[in-house]
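Undergrad: This structure is in structure tokens; I'll ask about it shortly.
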Amino acid sequence: MRLTIGIALLCVSSTLFAAAQPSVKVQTAPLKKHAMDDTITAFGVVRPDPEAQTTRDATYTAFVRKLDVNLGQPVKKGQPLLTLRTAPSARSNYRTAKANVRFARQALARQKKLLKQHLATHANVDSAGQKLAQAQAAFAAQQALGTGQETRVVTAPFSGIVSKLPINPGNQVKSGTLLFQLARRDRLRVALGIEPDEINRVKPGMSVQVIPLFGNGNGVTSHISVVNAVVDPNTRLVNAIAPLRGAQAQPFLPGMRVKGRLKLSGHHPLAVPRSAVLHDKHGAYLFVVRHGKAKRIEVHTGLEQNGLVAIKPTKTSLQVGAPIVVQGNYELSDGMAVRQGS
């Protein structure tokens, strides 16, 4: 009889003790797998495609009489860009070449006449003919250069943007001096700077979203064409090149700053709301509710997207659907009693 009373008193005491234990009201959310994209965000500047640019150099000494365009101006095929006035020295070369043809033609006629009089040989005639051909070739070259014209209007060979214009009206330009550079408007490229420790994850053919850094543009989808194998000395980054062709290039201008989002892979990891993950000197952790008590779980964290954090338990496994504490977890310690609220 005394034993029965003692056991009853012990049960009552245990119940009262359990009821007296502190508990924390928490909110939980079931653990789920979420689709997450592994991405790299990089920044760069839009430039003309070097393969879609053309330069025009002066072919003879001249003076810049007039500029019809400005640097950065869009132009159409055949539009005047500048006017050159042929220098006296170049005009002299033209006149000399023209005179040489006349003299060579006269010399050939004279040798043919002497040949009929048996005062010259066939070799003399052949030599005079060769000199005429040389004089005609030199004169044709001067004609091709345009030295026979007092002034010459230089036009755009295709529609594009004036990307270089290093001359001014009144400048004297010699043969080989750059007059202008013209870049195609529909062929641009952007060099995206990638951190060297991430460059091995970027491969040619990878999709990239190119978005203007300023403004409301949504950007366009391109791909990585080339991944450089050297570090850019100016940025200390490795450049990945993305071409912009045709309609892709229309939202962008040379010199525009952009950002690129490279999609590396897609997967479905375990993920929890950001509020569920806590940190202390031991690393990242969260609490799961088991049998009415908080169980601390050490985790490694990964990608963060849309308010979710990918997690991977380091020691104890977690099953999909497990109740993860998302609010009230700052007050918890391992093994503490909890009560779930809405």
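Undergrad: Against the condition open to solvent by 30 Å² or more (accessible area, probe 1.4 Å), part of a strand (DSSP E or B), closer than 30 Å to residue 219 by Cβ and charged (D, E, K, R), how does residue 65 come out, does it pass?
TA: For residue 65, the condition - open to solvent by 30 Å² or more (accessible area, probe 1.4 Å), part of a strand (DSSP E or B), closer than 30 Å to residue 219 by Cβ and charged (D, E, K, R) - is not met.
Undergrad: Also, I was wondering about something else. Are there any pairs with C-beta distances below 7 angstrom linking a residue in the stretch 237-258 that is within 16 Å of residue 222 (Cα to Cα) to a residue that is among the acidic types (Asp, Glu) and open to solvent by 30 Å² or more (accessible area, probe 1.4 Å), with the two at least 6 apart or on different chains, and if so which?
TA: Between residues of the stretch 237-258 that are within 16 Å of residue 222 (Cα to Cα) and residues that are among the acidic types (Asp, Glu) and open to solvent by 30 Å² or more (accessible area, probe 1.4 Å), the close pairs are 239/232; 245/186; 246/186; 249/186.
Undergrad: Then there is this: From the list 81, 114, 145, 71, pick out the single residue that is at pLDDT 95 or above and of a type outside the set (Gly, Ala, Ser).
TA: Residue meeting the stated conditions: 81.
Undergrad: So which pairs qualify, if the first residue must be in the stretch 157-168 and open to solvent by less than 20 Å² (accessible area, probe 1.4 Å), the second must be among the aromatic types (Phe, Trp, Tyr), the Cβ gap must be under 9 Å, and the two must be at least 6 apart or on different chains?
TA: 162/180; 167/180
Undergrad: Do we find that residue 60 is in contact with a Ser or Thr (Cβ under 8 Å, 6 or more places away or on another chain), open to solvent by less than 50 Å² (accessible area, probe 1.4 Å) and either modelled with pLDDT of 95 or more or part of a helix (DSSP H, G or I) (or both) in this structure?
TA: Against the criterion (in contact with a Ser or Thr (Cβ under 8 Å, 6 or more places away or on another chain), open to solvent by less than 50 Å² (accessible area, probe 1.4 Å) and either modelled with pLDDT of 95 or more or part of a helix (DSSP H, G or I) (or both)), residue 60 does not qualify.
Undergrad: Next question. Among 42, 29, which is the only one that is in contact with a strand residue (DSSP E or B) (Cβ under 6 Å, 6 or more places away or on another chain), assigned to a strand (DSSP E or B) and either at pLDDT 95 or above or open to solvent by less than 20 Å² (accessible area, probe 1.4 Å) (or both)?
TA: 42
Undergrad: Here's another thing I want to ask about it. Determine if the stretch 146-166 includes at least one residue that is under 24 Å from residue 89 (Cα atoms), among the hydrophobic types (A, V, I, L, M, F, W, C) and in contact with a helix residue (DSSP H, G or I) (Cβ under 9 Å, 6 or more places away or on another chain).
TA: No - not one qualifying residue is present in the stretch 146-166.
Undergrad: Take the stretch 126-154 and flag every residue that is under 21 Å from residue 66 (Cβ atoms) and open to solvent by 60 Å² or more (accessible area, probe 1.4 Å).
TA: 149, 150, 152, 153 - these are the residues of the stretch 126-154 that are under 21 Å from residue 66 (Cβ atoms) and open to solvent by 60 Å² or more (accessible area, probe 1.4 Å).
Undergrad: Can you confirm whether the stretch 281-293 contains a residue that is open to solvent by less than 40 Å² (accessible area, probe 1.4 Å), assigned to a loop (DSSP other than H, G, I, E, B) and in contact (Cβ under 8 Å) with a residue 12 or more places away in the chain?
TA: Yes: the stretch 281-293 contains one or more residues that are open to solvent by less than 40 Å² (accessible area, probe 1.4 Å), assigned to a loop (DSSP other than H, G, I, E, B) and in contact (Cβ under 8 Å) with a residue 12 or more places away in the chain.
Undergrad: Sticking with this one: Just to be sure, is residue 248 in a helix (DSSP H, G or I), within 30 Å of residue 77 (Cβ to Cβ) and polar (S, T, N, Q)?
TA: Spelling it out, residue 248 is indeed in a helix (DSSP H, G or I), within 30 Å of residue 77 (Cβ to Cβ) and polar (S, T, N, Q).
Undergrad: Another question, then. Starting from residues that are in contact with a Leu (Cβ under 9 Å, 6 or more places away or on another chain) and under 24 Å from residue 156 (Cβ atoms), keep the ones in the stretch 84-102 and report whichever is modelled with the highest pLDDT.
TA: The extreme case among them is 84.
Undergrad: Something else now. For the stretch 299-316, which positions are open to solvent by less than 80 Å² (accessible area, probe 1.4 Å) and over 40 Å from the mean Cα position of the chain (by Cα)?
TA: Listed by number, the list holds a single entry, 316.
The values are calculated or read from the model by the stated rules, or taken from the named source; none is laboratory data. On a predicted model such as this, the values are computed, not experimentally measured, just so you know. Don't worry about glycine lacking a Cβ; one is built from the backbone with ideal geometry, like all the others, and counts go over all protein chains shown. These accessible areas exclude ligands, DNA and RNA; they are computed on the full protein's heavy atoms, side chains included. Shrake-Rupley method; radii C 1.70, N 1.55, O 1.52, S 1.80 Å.
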